[in-house]
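Values in this text are rule-based calculations from the coordinates and carry no lab data. These figures come from a predicted structure and were not determined experimentally. Cβ sites come from the backbone with ideal geometry, for glycine too, and all protein chains shown count toward neighbours.
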Amino acid sequence: MELQYFFIIASVITFLFVIKKIQKHGLDIDDAIVWILWAILLLVISIFPQIPTWISNKIGFMSTSNFIFCLFIFFLYIMLFNQNAQISKLKEKQKELVQKLSIKDYEDMKRDNK
């Protein structure tokens, strides 16, 4: 029961933290939606612990805690993949900007030499 209260408090704090970051423009809405859904999922799991127990039994986990850890790891992998995709886009944009800046500097240098 104490663990259940801990998870309820943790999910509410996560939810409030995400809302505060959105208000301060420290978090994109796309990322915030994922974190809000995660906080809601944590809250549901905390309030109704029979849900993860039922799911873990149906899937074949030895214990509910193993299922919860697996769920957390899966969430972290999704977040990691999302971050890698964003980093790849930013690298491509950076490369394009460097190329455009180099071309502009070269054209300015040519114009100044004439």
Would you be so kind as to identify which of 19, 53, 1 lies farthest towards the positive end of the dipole of the chain, taking Lys and Arg as +1 and Asp and Glu as -1 on Cβ and the Cα centre as origin?
19
Expressed in nm², what is the orientationally averaged projection area of the convex hull enclosing the Cα positions of segment 7-110?
9.0
To the nearest 0.05, how large is the calculated FRET efficiency for residue 36 and residue 98 if R₀ is 41 Å and r is the Cβ-Cβ distance?
0.70
At 20 Å minimum axial length over the Cα atoms and a Kyte-Doolittle cut of 1.0, report the qualifying DSSP H helices in the chain, or say none.
2-23, 29-47
Long pairs among 21/58; 24/58; 20/95; 21/91; 24/89, criterion Cα-Cα beyond 32 Å:
21/58; 24/58; 20/95
For the chain, what does -39500 (n - 2.57) per DSSP helix run (n ≥ 4), summed and divided by total residues, give at 222 nm, in deg cm²/dmol to the nearest 500?
-31500 deg cm²/dmol
